[in-house]
Every structure is written in C-alpha cells, then in structure tokens.
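Presented below is the structure to which this report refers.
The values are calculated or read from the model by the stated rules, or taken from the named source; none is laboratory data. Computed from a predicted structure; not experimentally measured. In this analysis, Cβ positions are derived from the backbone assuming ideal geometry, glycine residues included, and neighbour counts consider all displayed protein chains.
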C-alpha cells in the first residue's frame, strides 16, 4: 500500500483509513483523503478497509492566508 | 488604452469578448494579506472592472516579507486603504472599493450580493466557514486558497456545492487548528497560491479551460509536487447536503 507516494510498511488485513491516521499520528483536525483517486468523506474513515495495493493520499486542509 | 490588453486579445480563450467580460466583472477579495495581495495585483492588471477589498487590519512590518502590495511607508496604515492606493496607481480604469471591517453574519449577505465572485484570502477557519455558507446561500463561486509553510491549496467551492463543510464539519471536529500568527511561511508561497486563485477567477469569468470547480489542488512547493482531488457534495453536509 502507498501512503502519500511512499510505501506504507504497516499494512495488514482489516486496516482502515482511521487506523492509518491514528498509526501515523495525524493529530491535526481537518484532513482531506482519497483512495485510488476517490475522495473519502471523514464520516467513512473508520469503515473504509484498505487493500494491499491501494494508493492512499492524506492532506491537511489549510486555513492560513 | 487599446494596447493594454493586447496579450489577452490575441489569446484565443480570452479575446476581446473575454476581456469585456473581465472588465464587466465584480470580484470581492476577503483578506488583503499574503494571498489577497497577489490576487488583487493580478486581477487589477488583468482589467477586472470592479474589485472590493475587505480587511480590518493595519499593515505591520512583519507583513512586508510576503504581502507584496505594501511598502515600508504603509506600516501602521489600514491595509485596504494602502492596497487600494497602490492598485489604483496600477490601473485607473478599475473601480476599487474598500471595506475596512470584519465580515460577519450581519454584513456578509448584503456585501457578497454586490459581487459575482468571492475570493477567500483569509487566515482562519471561522471566517472561511462564514464565506462558504454565504456563497452557498447566494449561489456564488467561492475561490478558496490557503497556505502553510511551503504548502498551499486552491479550489472553487460554493454555488451549488460542494462547500467547505462537505470537507470538514466543525460541529463534528472541534479540535483547535494552529493560528495564522504561529505558523511560518516562505515569502513566495502566497504569491504562487494567490496567483493560482487569480488565474481561476479569470478562467471562470471567460469560461476558459478546465476550472477548479469542485476540485482541490494541493501544492507542495518544498518538493515541487502537485496533487488534486475531485470533490463532491457530502450527503452528511449540514449546509449543502442533506445532513
């Protein structure tokens, strides 16, 4: 599995987006996430199970100007 | 002044018809800081007919590193007044209106109603949600731009959605974000992102190319990489969805 264009070494069966967020310690609120190019809503992070060949992108939503 | 926009006239996607649209358009820029300065400069140079500037702040010395409209002589002066003076010197045909105030739920509907396009160049989520909600209410395009350190993002939200609450509903996640005063930013980063916002405004006005309507571009200027995500209305969104 890829996370932000780098191999994610801790993939395992049943891994969810929420699991990656917690494991990688994305502590800031407001993330924008896509799996294989498709946007995933925050409400679905605990439910989306990642496959071994999935491409996950996680971005922070910014507010600075 | 016919030569002024010659490079637009000879651009097939703009031409004289497009330039007329640009000159007839009204754009409101909310926030005249790091992002708002390049947005305003680009739109005035391009010949946008009417521009509103909203900001309640004064120019500080620490702004000069990235807020490229201002000079050392502007320190201590209201941003909208300093910005308007510099912009009028660049294009006297452009009408510039100054709103030296905060936008609020009390004033934003009337204010936004006078413009065609709303550019979000603010520095905090509270104001951004207010802009987003009002743009959905009035069906106006919300040209979103934001920066942090070496990173930025641009999107066109609003009209019928998706909106900012589709991406993140503050009612469901109330954790604090880092305030603008506490973050570093490379001086050139708001110039890049602000110019991208201005480019999207001009493309939107003339209908050129593939707009960022419903798409967010993520810019990493440290590694010089770009990513984009197609957005859609979140069915849980309390503003434009059914939530």
Would you be able to tell me the number of residues in the range A:38-50 that are surrounded by fewer than 13 Cβ atoms within 10 Å (Cβ to Cβ) and either within 12 Å of another protein chain (Cβ to nearest Cβ) or out of contact with any strand residue (DSSP E or B) (no Cβ under 9 Å at 6 or more places or on another chain) (or both)? 1
Residue check: is residue B:185 at the interface with chain A (Cβ under 10 Å from one of its Cβ atoms) and either closer than 30 Å to residue B:65 by Cα or in contact (Cβ under 8 Å) with a residue 24 or more places away in the chain (or both)? yes
Consider residue B:196 carefully, then state whether it is under 15 Å from the mean Cα position of the chain (by Cα), more than 13 Å from chain A (Cβ to nearest Cβ) and under 25 Å from residue B:139 (Cβ atoms). yes
Can you tell which of A:56, A:50, A:61, A:15 is under 30 Å from residue B:67 (Cβ atoms) and in contact with a helix residue (DSSP H, G or I) (Cβ under 9 Å, 6 or more places away or on another chain)? A:61
Grab the helices (runs of 4 or more DSSP H) fully contained in the range B:118-235, keeping just those with 3 or more residues being surrounded by fewer than 21 Cβ atoms within 10 Å (Cβ to Cβ), touching a helix residue (DSSP H, G or I) at 6+ places or on another chain (Cβ under 7 Å) and at pLDDT below 95. none
Boolean, residue A:56 is within 11 Å of chain B (Cβ to nearest Cβ), in contact with a strand residue (DSSP E or B) (Cβ under 9 Å, 6 or more places away or on another chain) and either surrounded by 12 or more Cβ atoms within 10 Å (Cβ to Cβ) or in a loop (DSSP other than H, G, I, E, B) (or both): no
Enumerate the pairs (first residue in the range B:145-159 and at the interface with another protein chain (Cβ under 10 Å from one of its Cβ atoms) and more than 15 Å from residue B:194 (Cβ to Cβ); second residue anywhere and in a strand (DSSP E or B) and at pLDDT 95 or above) with beta-carbon separation below 8 Å, excluding pairs fewer than 6 apart on the same chain, so at least 6 apart or on different chains. B:149/B:185
Residues in the range A:6-37 that are within 14 Å of chain B (Cβ to nearest Cβ) and either under 24 Å from residue B:143 (Cβ atoms) or part of a loop (DSSP other than H, G, I, E, B) (or both): how many? 12
